Every structure is written in C-alpha cells, then in structure tokens.
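Report on one structure; see the data block that follows.
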Amino acid sequence: MNQPRRCTAIKPLLFMSALLLAAQAWAGQVVGTVANLSGPLLAKKADGTVKVLAVKSSVEQGDTLISEKDTYARIRFIDNSEITLRPNSQLKIDNFSFEEDKPEKDSAAFNLVKGGLRAVTGTLGKRNKEKFGMNTPTATIGIRGTTFIAEYIAPSDEAVAAYGMASMAAMTVSAYTDVGSDMPAAVPLQVLPIRVAQVPGLPQPPGLGSSRAPGLYVQVLDGIIHLTNQGGTQNFNAGQFGFVPNFRVPPIIVPNNPGIQFSPPPAFNTSSGPQGGTGNASGQDTVDCEVR
C-alpha cells in the first residue's frame with residue numbers, strides 16, 4: 001500500500017530535477033572564446049560561481065564577464081562577431097543563439113553593467129540586426145551592421161550631489177549664457193544643449209570640460225546604431241558620437257569626441273572591422289588602433 005505513495009512522491013522531484021538540468025544546460029551553452037587577453041578576466045556563472053578565464057577559454061551563455069584593472073579582453077563569438085572589453089568593465093551575456101542554417105533562431109542580448117567595450121558585428125547582426133540588443137543603465141543599443149564603442153560612467157555620490165546643484169542653478173534664467181527666448185526656464189542642466197550649459201564652477205556636459213558627466217557615451221566606427229530609452233530614439237552614423245545621461249532623457253549627438261578612450265594592445269586590432277578613431281562627426285582624422 002505504501003509503494004504507490006513513494007512513486008507518486010518521486011515524480012515531482014524528477015520533474016524539478018529535469019527543469020534544473022535544462023536550465024543549467026541553457027545557461028552553460030558555449031557561445032564564444034577568449035581570443036586576446038592582457039590581464040585577469042573573470043566569468044561569474046549563472047549559479048554564482050566565479051571562474052578565471054584565459055586565452056582560448058570558453059565563454060558561456062549567462063556569464064557575466066568582469067575585466068580587472070588594466071585588462072583588455074577580446075571575445076570572439078560563434079557567429080564571428082567580437083566584443084572587446086576595456087578595463088574595469090562588466091558585461092553579461094543574457095542570451096546568445098546562433099545556428100548557421102537556422103537564422104530564425106538568431107538572438108543576441110547583452111547587458112553592459114559598467115565600463116566600456118568595442119563591438120564588431122558578425123553574421124547574426126548582419127542577417128538579423130533586429131535580433132541584437134545591448135542594454136545599459138541609460139539606453140538600449142541596437143545595430144544595423146555596425147562597429148561601435150560604448151562606455152558607461154556610473155554616477156558617484158559626489159557627481160549626484162554636484163549635478164543636483166547644477167540642476168538647481170539651471171532653473172534660473174540668469175544662469176544661462178546664449179539662451180534663446182524659446183528655452184524653458186526649469187530644464188535640468190544635463191538636458192540643455194551644449195552651448196547653453198556654461199555655468200562657472202559647476203559640472204559641464206560632454207565636450208566642454210575635462211571631467212565627464214555620468215551616463216552612456218557611444219562612438220560609431222562603421223554602420224549605424226540607434227539608442228532607445230523612455231525619452232526617445234536617436235540614430236548615430238559612422239563618425240558620430242552620442243551621449244545619454246539617464247533612461248528618461250533622449251539620446252543626443254555630440255559634435256566631437258567627448259572623452260572616449262579605448263586603447264587595447266595592438267594585437268587586439270586584427271579583426272576585419274574598422275578600429276578606433278578620434279575624428280569629428282564627419283568621420284575624418286581616424287586612427288587605426290587607438291581612440292583618445
């Protein structure tokens with residue numbers, strides 16, 4: 001009489017075990033390898049464990065890649081796309097699915113938690129560009145067959161306090177220089193056009209000072225990207241730079257390099273896509289291996 005009860009109790013356990021194994025198999029799917037490395041690179045697994053990676057180490061779906069100080073790490077994915085992390089960066093591979101003969105299953109979803117990277121589109125992004133997305137704390141990056149650099153600067157406690165003061169100052173019309181008559185008086189400083197925010201002694205937006213405001217910075221080296229958040233969507237063409245301070249403010253084009261620095265060792269710059277540049281929005285004056 002007791003035997004059927006024991007069998008009935010075992011069935012749910014077997015079912016839960018099967019689900020757990022399936023989840024682990026999905027998270028542990030190999031999606032790329034470490035092609036170049038200049039220092040320590042860690043992979044935090046979906047189960048919370050941490051693994052030290054080396055050149056030729058496998059990178060798996062669900063990994064959060066963490067580059068240490070002075071570490072550049074180039075990851076080559078199974079569709080021949082590449083992502084190169086700069087030092088002190090974290091990138092989570094939320095989902096990556098690619099099969100050469102099954103384009104309908106393409107999917108690539110990343111999450112740039114902190115720091116910066118350079119991305120070079122592979123087969124997936126070229127044949128199914130709408131299936132690629134990179135989330136950041138301020139906007140989602142979409143592509144159209146692209147090579148781009150993205151860098152996220154998180155707000156420090158000091159920056160939050162300083163920008164609070166700047167926003168208060170920006171509410172007074174007399175604080176502006178070169179303000180048109182159609183400019184509203186109560187717009188936070190970080191939303192104002194670059195020519196407006198020239199308040200002495202206060203933080204300035206990208207391109208005007210040596211210290212950069214918190215937010216997402218992008219540079220397009222080839223193709224087109226678009227940034228999307230609650231504030232709207234903005235396209236960026238090759239040679240253009242962009243900035244978005246938070247997820248409520250629309251992305252904007254900035255006229256020149258706002259301070260993006262991406263200088264991996266020369267060995268990292270052997271991919272087929274264009275490398276870094278320091279030019280203006282027209283795309284001139286580019287440099288093959290360094291962005292300053």
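Bear in mind that the values in this text are calculations on the coordinates, not laboratory data. Every value quoted in this text rests on a predicted model; they were computed, and no experiment measured them. Heads up, the Cβs are rebuilt from the backbone with ideal geometry, glycines too, and the neighbour counts pull from every protein chain shown.
Quick look at the numbers
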{"item": "Under 29 Å from LYS114, Cα to Cα: lysines that are on another chain or at least 8 residues apart", "result": "LYS44, LYS45, LYS51, LYS56, LYS69, LYS92, LYS105, LYS126, LYS129, LYS131"}
{"item": "Three-way shape call for the stretch 96-135 based on the alpha-carbon gyration tensor, with the a/c threshold at 1.5", "result": "prolate"}
{"item": "Residue order, fewest to most beta carbons within 10 Å, for PHE96, PHE77", "result": "PHE77, PHE96"}
{"item": "Exposure proxy order (Cβ contacts within 10 Å, fewest to most) of ASP106, ASP101, ASP79, ASP94", "result": "ASP101, ASP94, ASP106, ASP79"}
{"item": "Packing-based exposure ordering (other Cβ within 10 Å, fewest first) of THR71, THR136, THR49", "result": "THR49, THR71, THR136"}
{"item": "Where GluC sites (Glu not before Pro) fall in DSSP loop in the stretch 63-149, at most 15 other Cβ within 10 Å", "result": "GLU68, GLU99, GLU100"}
{"item": "DSSP-loop trypsin sites (Lys or Arg not before Pro) across the stretch 80-120, with at most 10 other Cβ within 10 angstrom", "result": "none"}
